[in-house]
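Accompanying notes for the structure given below.
Every number here is computed from the coordinates shown, using simple stated rules; none is lab data. What you see is a predicted model; the values in this text were computed from it and never measured. Methodologically, a virtual Cβ is constructed for each residue, glycine included, from the backbone with ideal geometry; neighbour enumeration extends over all protein chains shown.
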Ligand SMILES: Cc1ncc(COP(=O)(O)O)c(C=O)c1O
């Protein structure tokens, strides 16, 4: 057998389809990825740390990154976490997988927000638990009804170790829980003995900053585990993130066999990020992408108001997504084949729920395209809406 030649095997996870404006991808705009600044940081990290940049890393992550990260969170959140409450991970998805592996046993019930990040549902499901939506009202998770649900599940002899949510610039809705809901939820979860797993992936993408204070920063140690990521603030390919949890949880993670064997996760990239931060490049980069994504958000909002005025939505104050509600029941699901025939795509709302619901909705991402392309995509979506005859309540999908 001959080895494949250079350039014949795939390099990246996804490619967008030729000719389709795919508003489904929650991926960064390519020119928002800091290629040159990262090259400089790589060289600087190798010069500063020498061979130790390429050695096995410290179990919880390299000190320079953890020190800087805790300080940064002190600036962009309600309080700085303690370095002893910090564990560097290979991204937020990895952090979620790790914390689920510590907290959950097969057959447990894990509660989730609705709607919520659809791929987190996959990560949680890998732990062979039952995923149950927490009760919600118009303001998000309902703390009293959630506590009641937990009591009912526990009465059946089952454990409810954790509740996963994205309270700040939720994926897919872009909305954030109010301060009052945050404290009521923390109190209710603590009383019910449920750990809140707070996915804080979009904290840095606030338009305008600052984002609301996290559940983690406003609660007693042990009530909340916060997971974070550099995927949106710097680059997803780094596979770099962290979690903040009570020190015994961090110690348990650091004592796991794979850390004992392989050292801290993603050590060389972690040290490079520390250098990227120390040089001021992180701060400059986040400021630049905040204004870029804010412009892209505004372009998408303007286009939807103009070309799809039937859609209801709240303008998100952060993150990457616009969550549309179409008047026709099933609109978000049924429009998709018409949209794809018109050369545009999106994620149907149904994907973000555990139950068979959400068919009114669809998620558009404004992260991947410049304003002109976003406008062209929504023009196609408006055209698809007319062809589908949704206002008249039609339809047989095309092709
Ligand atoms: C809420 C949320 N959490 C986690 C992730 C993935 O983060 P990472 O790439 O760090 O695993 C995403 C990416 O879309 C996300 O939207």
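Observations
- Selection status of residue 143, surrounded by fewer than 21 Cβ atoms within 10 Å (Cβ to Cβ) and on the phi < 0 side of the Ramachandran plot: no
- Residue match in region 14-26 (condition: part of a helix (DSSP H, G or I) and within 28 Å of residue 283 (Cα to Cα)): no
- Each residue in region 40-70 was checked for being under 30 Å from residue 119 (Cβ atoms), out of contact with any helix residue (DSSP H, G or I) (no Cβ under 6 Å at 6 or more places or on another chain) and assigned to a helix (DSSP H, G or I), and 1 pass.
- Number of positions in region 261-277 that are more than 25 Å from the chain's Cα centre (by Cα) and in contact (Cβ under 8 Å) with a residue 12 or more places away in the chain: 2
- The residues on offer are 291, 219, and the sole one that is under 22 Å from the mean Cα position of the chain (by Cα), surrounded by fewer than 18 Cβ atoms within 10 Å (Cβ to Cβ) and free of Cβ contacts under 8 Å to residues at least 40 places away in the same chain is 291.
- Those residues of region 128-140 which are in contact with a helix residue (DSSP H, G or I) (Cβ under 9 Å, 6 or more places away or on another chain), part of a loop (DSSP other than H, G, I, E, B) and surrounded by fewer than 20 Cβ atoms within 10 Å (Cβ to Cβ), in sequence order: 135, 139
- Considering only residues in region 90-126 that are within 16 Å of the ligand (Cβ to nearest atom) and in a loop (DSSP other than H, G, I, E, B), the one that is farthest from residue 320 (Cα to Cα) turns out to be 126.
- Filter result (away from the ligand (no atom under 16 Å from the Cβ) and touching a helix residue (DSSP H, G or I) at 6+ places or on another chain (Cβ under 7 Å)) within region 314-323: 315
- Subset of region 226-243 that is under 22 Å from residue 215 (Cα atoms) and assigned to a loop (DSSP other than H, G, I, E, B) - its residue that is farthest from the ligand (Cβ to nearest atom): 233
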